[in-house]
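The values are calculated or read from the model by the stated rules, or taken from the named source; none is laboratory data. Just so it is clear, the model here is predicted, and its values are computed rather than measured. Backbone-built Cβ (ideal geometry, glycine too); neighbour counts: all protein chains shown.
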Amino acid sequence: MSQSLKTKRNLIEGRPALVVIDIQAETFYDRTDEAIPTMPDYADRMLKARTVIDKARERDIPVIFIQEVHRPNLVDFGRELDGSEDIHCIETDPGTDIAVEEMGFLPNDYLIKKRRYSAFFGTDFEILLRGLKIETLILCGGLTDVCVHYTFVDGHQSDYFCRVIDDCVAGSSEEAHEASLRAMEYLQSGACCSLENVLKAIESFSSGRTDVA
């Protein structure tokens, strides 16, 4: 007879960090020639992340910005251009910079630059997380089905509690967005959270409680 080891988890377990994935200046450019396909309300969903960034700062929760960058000679793209994406996030392009004004990015913020989809792959992200003694990763940004999803999976496989703010992520299409949310929820029950509930959990965390689901 099999036994279940399932444990109901809080939205925040242990010490959290807010991970802001690839919300870069180009997100808010008025462009018709997107190098990466995005769902219709992509920029609006990214803007909502500012609310939780500000709340995390108020409660001394670390905010970690993730920035995708590539060298101008394209040497570090690897197989990334073999699919639907065109050349993007070249390090000399101003559009590759973090969206400073929209996201309230500060010079002393934590910043991880990556050459691949996952924030864990080939970076010092996990060294930073361990130094900060982080247990829960709260993810926002884009794309839901690419960089958010792959960062979530690597976090899950590294035994972090992973949460994704479904209001503050957006995918390459609505279908891909929804499918990825379901896939992440499959890995960790309760992983997909509303912005409202995340804000409540952060508020609760500041007073020593983490039991807001």
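Only residues that are more than 8 Å from the chain's Cα centre (by Cα) and either touching a residue at least 60 places away in the same chain (Cβ under 8 Å) or within 18 Å of Ala201 (Cβ to Cβ) (or both) were counted in segment 130-151, giving 7. Scan segment 87-110 for residues that are exposed (fewer than 14 other Cβ atoms within 10 Å of the Cβ), free of Cβ contacts under 8 Å to residues at least 60 places away in the same chain and not in a loop (DSSP other than H, G, I, E, B) and the total you get is 1.
Quick check: anything in segment 180-188 charged (D, E, K, R) and in a strand (DSSP E or B)? No, segment 180-188 has no match at all.
Given the structure, is Arg116 assigned to a helix (DSSP H, G or I), within 29 Å of Ser189 (Cβ to Cβ) and not aliphatic (A, V, I, L, M)? Spelling it out, it is not the case that Arg116 is assigned to a helix (DSSP H, G or I), within 29 Å of Ser189 (Cβ to Cβ) and not aliphatic (A, V, I, L, M). Being more than 23 Å from Arg9 (Cα to Cα) and in contact (Cβ under 8 Å) with a residue 60 or more places away in the chain holds for only one residue in Phe120, Phe161, Phe125, and it is Phe125.
Out of Gly104, Gly131, one residue alone is closer than 13 Å to Pro16 by Cα and of a type in the set (Gly, Ala, Ser). It is Gly131. Of all residues in segment 169-179, those satisfying the criterion of being in contact (Cβ under 8 Å) with a residue 24 or more places away in the chain and either closer than 16 Å to Thr151 by Cβ or in a helix (DSSP H, G or I) (or both) are Val169, Ala170, Gly171, Ser172, Glu174, Ala176, His177, Ala179. Every condition in (1) part of a helix (DSSP H, G or I); (2) at pLDDT below 95; (3) under 20 Å from Arg57 (Cβ atoms); (4) in contact with a helix residue (DSSP H, G or I) (Cβ under 9 Å, 6 or more places away or on another chain) holds for Val212 except the one numbered (1).
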